[in-house]
């Protein structure tokens with residue numbers, strides 16, 4: 001671990017970002033350029049003290065998970081992310097393998113979507129980051145770990161945690177779509193991957209999944225329209241738009257409703273209620 005190089009790099013990247021670059025308001029007049037330490041810590045979901053110690057050359061060696069959070073918070077390019085890992089004493093992530101890394105261009109688009117639910121998902125239906133409106137509508141899924149991070153895994157292994165978001169009449173179709181999507185991911189990532197791990201575990205624990213997996217349906221597309229269920233406002237019919245990365249390993253999902261519609265009113269109500277809770 002090169003503490004000097006790590007500290008200098010973090011300070012440099014932090015100072016080159018503006019609040020608007022990461023979806024933050026400018027706030028009070030700033031004495032120094034760039035983001036404040038506490039803002040980077042907030043974006044990376046870590047304590048300000050921990051982050052400050054890294055910049056002060058006295059922190060412990062950060063884990064790969066911490067570095068992934070910092071790379072996302074600082075909007076690092078793939079080359080910058082690799083450098084961050086190396087100066088921290090870790091090997092650079094394999095770019096050909098599945099990764100939780102979100103390209104800064106995708107994050108910049110998400111940062112500008114604060115009035116409608118939007119989130120970025122992996123090829124395994126893992127929510128990598130979501131805005132406040134998406135949290136108000138779908139709940140916070142950042143606490144899941146391991147294979148449970150995958151919405152496909154939760155749908156079959158822990159139905160109570162996922163299926164309440166959809167009307168019961170749509171469950172069968174949703175199951176087919178998720179299995180077909182996992183089959184597509186399995187073809188890309190291979191047997192010795194998280195996709196393979198999910199397939200093996202779900203085959204063992206879910207008869208429904210095992211039967212659908214035998215069908216060999218392969219399809220990775222996002223519904224143009226879906227109905228979601230929220231405990232406070234009931235059913236909400238939304239349109240779904242998906243922006244894919246070049247390699248199609250991640251997608252930015254934006255949920256909208258026609259202006260003036262009942263669904264639009266419900267989304268606005270949830271957005272306001274979510275802001276008030278914060």
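Where a number appears in this text, it was derived from the coordinates with a stated rule and is not lab data. A quick note: this is a predicted structure, and the numbers were derived from the prediction, not measured. Counting neighbours? That spans all protein chains shown, and the Cβs are built from the backbone with ideal geometry, glycine included.
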Taking only Cα atoms and a 10 Å spring cutoff, compute GNM fluctuations for the chain and point out the largest among 111, 224, 247. 247
For region 94-188, what does the alpha-carbon gyration tensor say about shape, rounded, prolate or oblate, given a ≥ b ≥ c as the root eigenvalues, a/c under 1.5 as rounded, and a/b over b/c as prolate? oblate
Below 8 Å between Cα atoms, with a sequence gap of 6+, how large is the relative contact order for region 3-87 in percent? 35 percent
Per DSSP H run of n ≥ 4, the term is -39500 (n - 2.57); total these for the chain, divide by its residue number, and report the mean residue ellipticity at 222 nm rounded to 500 deg cm²/dmol. -13500 deg cm²/dmol
How many angstrom lie between the Cα centre of region 220-249 and the Cα centre of region 113-183? 10 Å
So, in nm, how far is label residue 169 from label residue 235 when the simple model puts each one 7 Å beyond its Cα toward the Cβ? 0.5 nm
In terms of the Cα gyration tensor, with a ≥ b ≥ c the square roots of its eigenvalues, is region 1-152 rounded because a/c is under 1.5, prolate because a/b exceeds b/c, or oblate? oblate
What do you get for Rg/Rh of region 3-87 when both radii come from the Cα atoms and Rh is the Kirkwood radius? 0.94
Sorted from fewest to most neighbouring beta carbons within 10 Å, what does the list 236, 129 look like? 129, 236
Dividing the alpha-carbon Rg of the chain by 2.2 N^0.38 Å yields what? 1.08
Could you list 51, 186, 166 so that the one with the fewest beta carbons within 10 Å of its beta carbon is first and the one with the most is last? 166, 186, 51
In terms of the alpha carbon gyration tensor, root eigenvalues a ≥ b ≥ c, rounded if a/c is under 1.5 and otherwise prolate when a/b exceeds b/c or oblate, region 178-254 is oblate
To the nearest 0.05, how large is the calculated FRET efficiency for residue 15 and residue 192 if R₀ is 35 Å and r is the Cβ-Cβ distance? 0.25
For the chain the mean separation of alpha carbon contacts under 8 Å (6+ apart) over residue count, i.e. relative contact order in percent, is 16 percent
